[in-house]
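Comments concern the structure below.
Just so you know, all these numbers are worked out from the coordinates, no wet-lab data involved. On a predicted model such as this, the values are computed, not experimentally measured, just so you know. A quick note on method: Cβ atoms are made from the backbone with ideal geometry, for glycine too, and the neighbour counts reach across all protein chains shown.
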Amino acid sequence: MEKYLSQLNDAQLEPTIQIDGPMIVIAGAGSGKTRVLTYRIAYMMSKGIDPFNILSLTFTNKAAKEMKERIATIVGASEAKNLWMGTFHSVFAKILRIESERLGYPSNFTIYDTQDSDRLIASIIKEMNLDKDIYKYKQVRSRISSYKNSLITVRAYFQNPELIEADTMARRPRLGDIYKEYVDRCFKAGAMDFDDLLLKTNELLTRFPEVLAKYQNRFKYILVDEYQDTNHSQYLIVRALSDKFQNICVVGDDAQSIYAFRGANINNILNFQKDYDDVKVFRLEQNYRSTKNIVNAANSIIDKNQTKLDKIVWTANDEGGKIKVHRSLTDADEGRYVASTIFDNKMNHQLQNSDFAILYRTNAQSRSIEDALRKRDIPYRIYGGLSFYQRKEIKDVLSYLRLVVNPADEEALKRVINFPPRGIGQTTVDRLIVAANGYNSTIFEVMKNIDRADVKVNSGTKNKLQDFVTLIESFQVLNQTADVFELAEHVTRTSGLIREFNKDGTPEGVTRMENIEELLNGMKDFVEGQKEIADATGSLAEFLEDVALATDLDNDKGDPDRVALMTIHLAKGLEFPYVYIVGLEEDLFPSAMSMNTRSELEEERRLFYVALTRAEKQAYLTYALSRYRWGKLVDSDPSRFIEEIDEQYLEVLTPVEERRFNPMLDADIFGDPEPNKIRFKPAKQVSIKKGAPKKEPTKFQVTTPKNLKPVSKSNGNTNLFDSKLAVGNMVKHLRFGTGEVLKIEGTGADMKAEIKFDSGGVKKLLLRFAKLEVV
Ligand code: ATP
Ligand code: MG
């Protein structure tokens, strides 16, 4: 048997070598589902299956890339090249590009990201003179999105009185009209939004049997990771493509279904056995990721959900530390606690920044954490939020490029027609939009024919419009010979963007320039990288597609050694040695918006399960008694999820932030030297609330925990704080071994030494706490 297969346990091996027929692996977190998929693909290829016939769908492009790399190490890079792997969106965008003309779309169609969709919807609401407080564009967008993901087209909408009734009841009787206008405008602009990539694929596969047959024959083997989070539209695509050969392998965990709010349907996993004949079902039970404490704690919490498949998850890993629960007074204190324990853990266990992840329920929570990390000089990276490609200056450059590929692209055009300013006012743009709608044409076409078109603009403006058309056309000419990088460089200069951002010399301007530079670097990489990928064209259109579909997890630029900050939703499938789950407060997590029904609350609980099971070695749960939300300080109660965990797996820490009453205040910066000495404990741990601690600090009792031994000052290590230490001294550290002092800085309590340890690496230690000996 192949050597790599020995890296699987027996339960994993079975589904790995089971190639034909429908099958499902249902198993808990960390049990090797993704590993099975990866090895299974390698195994299939080693059995002679053409990679060209294998399609695998992953949750992020990054996950696909990692799987591909792993497979390449087993079967060889040139073989792995031909695998079709990626997210639903990126895979089907590629297929649509090949087939789009059947649907009336140009093959160079633009992909509108969420921001583009929002802007278009907002402008339609304005054009229709609707009240923007009732027709909130984000709500309208999410409504349209859910229609599309349920395959409710505009026509189907208007044929369904219940839907019309529901929107009317929600005081939005014109929703259908907005939906229709939005769809028409996207179509005319040659643009598909994210949901269209799935909706149009479904349309393609149902309307054109020959296309369906072509892709059924091509993708003889289909694999899907995270199957529990597929929505209806995705489900139908998989179902249709696998219908002929039925070689379909899905893996998932119903306990990790967390995207119902976006239309994911947990029933897809629950009903899989009904959808196909003779489904083989596999279960994995051994978790390889986490300690016993983490696995058991996670089991105890998911147990509280009623809707679930019964599963066993156990681990042979170490017991590990108990899960640490920490209470803070405010969100700022919480941030400080997280930063200071990361700092300590790094020092004490020789860890990298990238060994830590901080997970939260909502993006807004990152701010207080970021502040604290910055104060400690801990490098971090935020995933999610505004992605690199959505920053203003980047979108500006990309909009010019989008127009080069597809001049019909309305959102791109509106964005840059007067940026940098070239004297084309909003009134003119509005008139162009009206004219384009009137002629059933595009804004760009109207501009091109402005001499003949019935648009009220003076001759000066006419010239400006014509100049803009000429500019874009000149880029189009260059695009026929130049590569993406060369073109973009030319565009940024000739369009005046560089001049515009350089103009003011403000720090923001400088940052913008740096970002544009980073974009250009990325293009250079793209041009180089394309040489290694089979059937890549390296075209501008391809670059723009990659960019439009890049999730923030995918573009991992810069120093990789950084603490990861992200929402729990984004963390699905990932793992980190140390995980902090912050903001564990009622109304925040579980979210106030998800507590109306049992099923919503169960989804929140699954989300918590996902968060906890990301941790390999140590998990921290933190909450604050008050926090700034929507600009106001709000009191909060600890999350029910903390109480729901079987307490034998928890270590409830007494609050460290009350150190503010402690004269040893400066200890805060480098960790408390005697964390066990004085402890403040609330009279009743979990019921302190409504800002009481602030107004009535006397509510806290000073206690010395009985089970903790007092820490003696002399613990066998020399504290060099007041001894003499000089550059060039050889010293010994309990954990880091021997090393040489390179530098000494600061005085008194702040004295630090930079030491080069023989074990490798230079560390800066605070002498007051460093356990050092001169040797
Ligand atoms: P999730 O539900 O979170 O997506 P998963 O079931 O996909 O988890 P994997 O990510 O495949 O689990 O595996 C979890 C970790 O355990 C990974 O680091 C993986 O490399 C490791 N692992 C899985 N199986 C084995 C094994 N047989 N031997 C050693 N390590 C393993
Ligand atoms: Mg996985």
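Measure off 7 Å from each Cα along the Cα-to-Cβ vector at MET730 and LYS743, then give the distance between these two points in nanometres to one decimal.
For the pair MET730/LYS743, the computed spacing is 2.4 nm.
Please turn the phi angles of the stretch 444-456 into ³J(HN,Hα) values with the Karplus equation 6.51 cos²θ - 1.76 cosθ + 1.60 (θ = phi - 60°), one per residue in order, whole Hz, x for glycine and proline.
3J(HN,Hα) across the stretch 444-456, in whole Hz: 4, 4, 4, 4, 4, 10, 4, 5, 9, 6, 8, 10, 7.
Filter the trypsin sites (Lys or Arg not before Pro) in the stretch 565-648 to those in DSSP coil with at most 12 other Cβ atoms within 10 Å of their Cβ, and list the result.
none
What's the angle, to the nearest 10 degrees (0 to 90), between helix 598-612's Cα axis and the longest principal axis of the chain?
Approximately 60 degrees, to the nearest 10.
Please list the non-local residues whose amide H lies under 5 Å from the amide H of VAL563, H modeled 1.01 Å from N, same-chain partners needing a gap of 5 or more.
Those qualifying (amide H under 5 Å, at least 5 residues apart or on another chain) are TYR380, ARG381.
To make sure I understand, if each residue's beta carbon is the centre and we count other beta carbons within 10 Å, what order do PHE219, PHE272, PHE419 fall in, fewest to most?
Going from sparsest to densest Cβ surroundings: PHE419, PHE272, PHE219.
Could you point to the residue in THR230, ALA548, THR362 farthest towards the positive end of the chain's charge dipole, with +1 and -1 charges on the Cβ of Lys/Arg and Asp/Glu respectively?
Projecting each Cα onto the dipole axis, the largest value belongs to THR362.
For helix 33-46, report the angle its Cα long axis makes with the longest principal axis of the Cα atoms of the chain; keep it between 0 and 90° and round to the nearest 10°.
Tilt relative to the chain: about 60 degrees.
Among the listed pairs LYS62/LYS148; LYS524/LYS572; LYS3/LYS280, which have their C-alpha atoms separated by more than 28 angstrom in this model?
Too far apart for the 28 Å limit: LYS524/LYS572.
Which of rounded, prolate, oblate describes the chain, given a ≥ b ≥ c as roots of the alpha-carbon gyration tensor eigenvalues and a/c under 1.5 marking rounded, otherwise prolate only if a/b is larger than b/c?
Verdict is prolate for the chain.
Quick check on the exposure proxy: order PHE641, PHE261 from fewest to most C-beta atoms within 10 angstrom.
Least crowded to most crowded, the residues run PHE261, PHE641.
What is the gain in length, in nm to one decimal, between GLU514 and LEU151 on full extension, counting 0.36 nm per residue of separation less the C-alpha to C-alpha distance?
Value of the extension gain: 126.5 nm.
What full-extension length gain, to one decimal in nm, is calculated for ASP454 and GLU575 as 0.36 nm per residue of separation minus the Cα-Cα distance?
Additional length available on full extension: 37.6 nm.
³J(HN,Hα) across the stretch 266-277 via Karplus (A = 6.51, B = -1.76, C = 1.60, θ = phi - 60°), whole Hz, x for Gly/Pro?
Running phi through 6.51 cos²θ - 1.76 cosθ + 1.60 with θ = phi - 60° gives 4, 5, 4, 7, 5, 9, 3, 5, 7, 6, 10, 8 Hz.
Is the shape of the stretch 312-403 rounded, prolate or oblate, going by the alpha carbon gyration tensor and its root eigenvalues a ≥ b ≥ c, with a/c under 1.5 for rounded and a/b larger than b/c for prolate?
Prolate.
If I take every Cα pair under 8 Å that is 6 or more residues apart in the chain, average their sequence separation and divide by the length, what percent do I get for the relative contact order?
After rounding, I find 15 percent.
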